[in-house]
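The values are calculated or read from the model by the stated rules, or taken from the named source; none is laboratory data. What you see is a predicted model, and the numbers here were worked out from it, not measured in a lab. In this analysis, Cβ positions are derived from the backbone assuming ideal geometry, glycine residues included, and neighbour counts consider all displayed protein chains.
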Amino acid sequence: MTGHAAVTHDILDLYRELILDHARSPRHFGRLENATHKAQGINPLCGDKLCVYLCIDDNERIEAISFEGSGCAISVASASLLTDTIIGLSVKKAEAIFSAVTKRLTHGGTDEPGNLDVDLDKPLEKIKALDGVREFPSRVKCATLAWHAMHSALRQDSMPATTE
C-alpha cells in the first residue's frame, strides 16, 4: 500500500471504529426530563424512530441534549455524534451546523453558512466519520434523521421530522 492509500485506509478504519463505538455506546441516550424542546424523527424506509430532547436556556444556549428510540447503527451513531457536537452551543450555531451536516451528507463538502459568524471546522471534525454513507443513498436518510429531528425541535415543529 502506498503512503497516501495507507493513510486513507487508516482514517477510514478510525471512522468505522468511531461509528461502531457511538452505535454500541450512544452518548446522551435517554429521555431528558427537563426538556424545553423536543421532536420525533421517523425514517419510514428503514424503520428508524427517535426523539430528540433539548434544554435551551434563556441565553439561547443548548444546556442539555439527549435522544431515545431505536434504529440502525448509522442512525444511532449519528444521533450520538449530534449530541456530542451540539451540547453547549448556541441555537444559532446549532442551526448552522445542521445546515452544514445535512449538506455534507447529501452533497459532499461543507456548507458555508453565509452571514453567520461561526467556526464550523472543529464541530464537524467527528461528523466526517459519516461521510462514507454518501456512497449509499438510502443510508444518508439514516444518518440525517437525528439532525432533522433536532432542527424540528429547535423550530418547535409539532409534526415528526421525516427523511422523506
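Given the conditions (1) at pLDDT below 95; (2) surrounded by 18 or more Cβ atoms within 10 Å (Cβ to Cβ); (3) under 25 Å from SER25 (Cβ atoms), and given that ALA77 satisfies all but one, which numbered condition is not satisfied?
(1)
Could you check how many residues of the stretch 39-55 are over 14 Å from LEU82 (Cβ atoms) and assigned to a strand (DSSP E or B)? First the steps, then the outcome.
From the stretch 39-55, those over 14 Å from LEU82 (Cβ atoms) are 40, 42-47, 49, 55; that's our starting set.
Filter again for assigned to a strand (DSSP E or B), leaving 40, 42-43, 49, 55.
Counting residues in the stretch 39-55 that are over 14 Å from LEU82 (Cβ atoms) and assigned to a strand (DSSP E or B) gives 5.
With the structure loaded, tell me whether ILE11 is in contact with a helix residue (DSSP H, G or I) (Cβ under 9 Å, 6 or more places away or on another chain), of a type outside the set (Asp, Glu), without any contact (Cβ under 8 Å) to a residue 12 or more places away in the chain and more than 13 Å from HIS148 (Cβ to Cβ) or whether it fails that test. Step through it out loud before you land on a result.
Numbers: in contact with a helix residue (DSSP H, G or I) (Cβ under 9 Å, 6 or more places away or on another chain): yes; of a type outside the set (Asp, Glu): yes; without any contact (Cβ under 8 Å) to a residue 12 or more places away in the chain: yes; more than 13 Å from HIS148 (Cβ to Cβ): yes.
Here the answer is yes, as ILE11 does meet what is asked.
Does the stretch 80-99 contain any residue that is assigned to a strand (DSSP E or B), farther than 16 Å from THR144 by Cα, touching a strand residue (DSSP E or B) at 6+ places or on another chain (Cβ under 8 Å) and among the hydrophobic types (A, V, I, L, M, F, W, C)?
Kept after step one, since they are assigned to a strand (DSSP E or B), are these residues of the stretch 80-99: 90.
With farther than 16 Å from THR144 by Cα added as a condition, the list becomes 90.
After this cut, where a residue has to be touching a strand residue (DSSP E or B) at 6+ places or on another chain (Cβ under 8 Å) as well, the list is 90.
From what is left, the residues that are among the hydrophobic types (A, V, I, L, M, F, W, C) are none.
No; the residues of the stretch 80-99 include none that is assigned to a strand (DSSP E or B), farther than 16 Å from THR144 by Cα, touching a strand residue (DSSP E or B) at 6+ places or on another chain (Cβ under 8 Å) and among the hydrophobic types (A, V, I, L, M, F, W, C).
Condition check: surrounded by fewer than 20 Cβ atoms within 10 Å (Cβ to Cβ), aliphatic (A, V, I, L, M) and closer than 23 Å to ASP131 by Cα. Does LEU45 satisfy that?
yes
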